[in-house]
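The values are calculated or read from the model by the stated rules, or taken from the named source; none is laboratory data. Quick caveat: nothing in here was measured; it's all calculated off a predicted structure. Positions of Cβ are generated from backbone atoms using ideal geometry, with glycine treated the same way; all protein chains shown enter the neighbour counts.
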Amino acid sequence: MPPLALAILLFCGIMIVVMPQKYVLIPVFIGTIFVPMHGRVMIGELDFFSLRIIVLFLWARCLARGELRSVTLTRLDKSFLAFIVVCGAMYVLRVGTMSAFVYRAGIAFTTIGLFFPFRSLFHNFDDVNRYGKCLSIVLLFLAVGMTAESLLQKPLFYPLGGRTEIVEREGRIRARGPFAHSTNAGIFAATTLPLMAMFAFRNRGYCATGTAAAFASIIASNSGGPVIAMIYSAIGLGAWVFRNRLRMLRWMILLVLILLHFSMKAPVWHIMTRMGELTGGGGWHRAALIERALSHLSEWWLVGTSYTANWMPTAYTVSDADITNQFIRYGVDGGLISVLLFTLVIVIAFKNVGIGLRAVASSTTEKKLLVWGMGASLLSHMAGFFCTSYFDQGQVGWIMLIVVVSSLTDPGFTYDGSVVGPANGATQNPPISCTLS
């Protein structure tokens, strides 16, 4: 790891430990987003890249201050934990080596290690509001870095351990900033667009800054996946007009997909091929990958598979196809049960958004839009999952969103002076009233 990157991580780590809780997200975002994951510190056989170093400091803070005592496990927490454990166990069971166990233990350490300290940071709408403000500033600096990289044609994050090569498509630079891939960088920006809508009624400077910066990052990435995620962000926000008819909207979407599937010459997922023609990128590859995964289902459904090179015309490595799909990635790693558990996490997350909407039904439009933006961001992430796998710091944005959505059903989370229970969204009188200022 470059000395500059290590120095930044250590500084961020110290700030995480000593700063008041309401400011912790600032060093967290600096250390997890802007320090590339390629640099690492090896301690024996243990591999500590940037995210894992931040995890260590987060847990040091939580254990020293006892902040995890404020967290009550919700259904979403439990399903997320079960998914991580089962997916890792299936991988280790299939490979059957100690190195496989160490590898999956490292992934679990990173994912769970981020998830639960993040959960301790959200207790009310003030915390969610600060999260949105931090995101808008992160997007601003990300947009500046990616735009400069595109214009100067230089990898600006190389001194921090970023990649050295410049990638082009049709004569245009595919900027990636501190991320490992331009698609992941652009999707990170695109999935935050709905969350910027929380400032549409108040703090419009943050709304304008975050929205403009997200668009700039998407343009600089020069990738089709971020454009698709952006479109779904817009669809999710636009569905606000149907907020009182969500059940009807869901059935209409399902009916349209069924009709398209049986009326099209190709399966319905080949819509991605057509979208790829409009947005650019590997639309055909994404659709064909789903088709190949289904045709090879017998090879991976039980505990996954270690060989996918025969799935596509060109292989990514000697043994692997380029798995640009998060659902299929989890299927390859941990079998069909991992895909089902991951899907369950998403379903429960959407249900949590519904509970949140019911909790703020009599509140201000600003708070309703805040919760609705979480659902729109979830929808955008789902689109992103069909375009890439989150193998770099893009996972931070996803984990943080799941954490915020899970907090909506934590018994200690306050809505307009009430506390929402984890099971059914019923409200109770809290010991302390906390509202959005």
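Pick from the stretch 148-175 the residues that are part of a loop (DSSP other than H, G, I, E, B) and among the polar types (S, T, N, Q): which of them is surrounded by the fewest Cβ atoms within 10 Å (Cβ to Cβ)? Walk me through how you get there before you give the answer.
As a first pass, look at the stretch 148-175 and keep what is part of a loop (DSSP other than H, G, I, E, B): 153-157, 161-167, 170-171, 174-175.
Now narrow it down to the ones that are among the polar types (S, T, N, Q): 153, 164.
Numbers: Gln153: 11, Thr164: 9.
Ranking the candidates gives Thr164 first.
How many residues are hydrophobic (A, V, I, L, M, F, W, C) and touching a helix residue (DSSP H, G or I) at 6+ places or on another chain (Cβ under 7 Å) if we restrict to the stretch 139-156? Lay out the reasoning, then the answer.
Step one: list which residues in the stretch 139-156 are hydrophobic (A, V, I, L, M, F, W, C), which gives 139-144, 146, 148, 151-152, 156.
Now drop any that are not touching a helix residue (DSSP H, G or I) at 6+ places or on another chain (Cβ under 7 Å), which leaves 139-140, 142-143, 146, 156.
Here the count works out to 6.
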Worksheet item: Just checking, how many residues over the stretch 360-385 are of a type in the set (S, T, N, Q), part of a helix (DSSP H, G or I) and surrounded by fewer than 24 Cβ atoms within 10 Å (Cβ to Cβ)?
Response: 1
Discussion item. Against the definition (modelled with pLDDT of 95 or more and surrounded by fewer than 17 Cβ atoms within 10 Å (Cβ to Cβ)), how does Ala7 come out, yes or no?
Written reply: no
Worksheet, complete the sentence: When (1) over 27 Å from Gly161 (Cα atoms); (2) at pLDDT 90 or above are applied to Ala200, the one that fails is (2)
Worksheet, complete the sentence: Over the stretch 76-99, the set of residues part of a helix (DSSP H, G or I) and surrounded by fewer than 16 Cβ atoms within 10 Å (Cβ to Cβ) is Lys78, Ala82, Val85, Leu93, Met98, Ser99
Worksheet item: Which of the residues that make up the stretch 10-51 are surrounded by fewer than 23 Cβ atoms within 10 Å (Cβ to Cβ) and in a loop (DSSP other than H, G, I, E, B)?
Response: Met19, Pro20, Phe34, Met37, His38, Gly39, Gly44, Glu45
Worksheet item: Taking only pairs six or more apart or across chains, which ones have beta-carbon atoms under 8 Å, a first residue in the stretch 32-58 that is among the basic types (Lys, Arg), and a second residue that is assigned to a helix (DSSP H, G or I) and at pLDDT 80 or above?
Response: Arg40/Ser50; Arg52/Gly106; Arg52/Phe109; Arg52/Thr110; Arg52/Gly113
Item to complete: Tell me which residues, restricted to the stretch 371-402, are within 8 Å of the chain's Cα centre (by Cα) and at pLDDT below 90.
Response: Gly394
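Here is a yes/no grid of residues against (1) closer than 23 Å to Val405 by Cβ; (2) of a type in the set (A, V, I, L, M):
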| position | (1), (2) |
| --- | --- |
| Ser50 | no, no |
| Val55 | yes, yes |
| Cys87 | yes, no |
| Ser99 | no, no |
Worksheet item: Which residue out of Leu51, Leu135, Leu81 is at pLDDT 95 or above, of a type outside the set (D, E, K, R) and within 19 Å of the chain's Cα centre (by Cα)?
Response: Leu81
Worksheet item: Just one of Thr324, Thr305, Thr314, Thr388 is of a type in the set (Ser, Thr, Tyr), assigned to a loop (DSSP other than H, G, I, E, B) and within 30 Å of Arg243 (Cβ to Cβ); which is it?
Response: Thr388
Worksheet item: Can you name the helices (runs of 4 or more DSSP H) wholly within the stretch 192-263 that have at least 1 residues being within 23 Å of Met400 (Cα to Cα)?
Response: 204-221, 224-238
Practice prompt. Among the numbered conditions (1) in contact with a Lys or Arg (Cβ under 8 Å, 6 or more places away or on another chain); (2) over 30 Å from Ile219 (Cβ atoms); (3) crowded, with 22+ Cβ neighbours inside 10 Å, tell me where Leu58 comes up short.
Written response: (1)
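Return yes when Ala321 is closer than 30 Å to Glu170 by Cα, surrounded by 15 or more Cβ atoms within 10 Å (Cβ to Cβ) and of a type in the set (Gly, Ala, Ser) and no when it is not. Before the answer, list the steps.
Working: closer than 30 Å to Glu170 by Cα: yes; surrounded by 15 or more Cβ atoms within 10 Å (Cβ to Cβ): yes; of a type in the set (Gly, Ala, Ser): yes.
Judged against the criteria, Ala321 is a match.
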